[in-house]
Amino acid sequence: MLSGKQRELLACFESLDEVQGTEPLRERVGELLEEVRLHVRVTERHLQPLVVRVEGHRRALQEAEVLLTMHELMAELEAFPCGSLEWLARLMALEDAAVAHVRSLELQLFPRLSEALEDQEAVELVRAMAATREALWLEMRRARSAFDDDAAPACLV
């Protein structure tokens, strides 16, 4: 499941090349950031404990640092004007970090984690990750809706 979602995430980055204009780019990057946030949070919640168990604290710390970098880049993207030089630099750095993270998971961690998990544990992990992803997605939608509702009166003034 996560491997498929990771491919979708990388496809989101690739699709940015086709976007023309600042507003469509801002919208597409907003969708991308939502996907990255979901991925990072699911990874932190479900994979990091497994990495500690299977690979040890040092390896888990390396992965945590990449996830922290992705958090920081996302925050910086939201701080700079869309399309500015600083913004583009953060977007490219986020793409580089995401690609490296996905490759590390798929090529190094997933094979080792799948060997370490028993069949039932793997099934439970997939279910838990799907449930977490859905809950986080709904939470993000509610937060966005509340933000949009709060912002609506100010836009009318």
The chain, helix-only ellipticity at 222 nm - DSSP H runs n ≥ 4, -39,500 (n - 2.57), divided by all residues, nearest 500
-28500 deg cm²/dmol
Going toward the positive end of the dipole of the chain, with +1 on Lys and Arg Cβ and -1 on Asp and Glu Cβ, which of Pro111, Leu32, Thr132 do you reach last?
Pro111
Using only the Cα atoms of the chain, construct the convex hull and provide its projected area averaged over every direction, in square nanometres to one decimal.
10.2
Under 5 Å from the placed amide H of Gly83, counting only residues 5+ away or on other chains, we find Leu88
Sequence gap at least 6, Cα distance under 8 Å: using those rules, report the relative contact order of the chain to the nearest whole percent.
26
Magnitude of the Cβ-charge dipole (Lys and Arg +1, Asp and Glu -1) of the chain about the Cα centre, nearest 20 debye, reported as 360
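Every read-out reported here was derived from the displayed coordinates using simple, explicitly stated rules and does not represent laboratory data. Please read all numbers here as calculations on a predicted model, not as lab measurements. Note: ideal-geometry Cβ built from the backbone for every residue, glycine included; neighbour counts use all protein chains shown.
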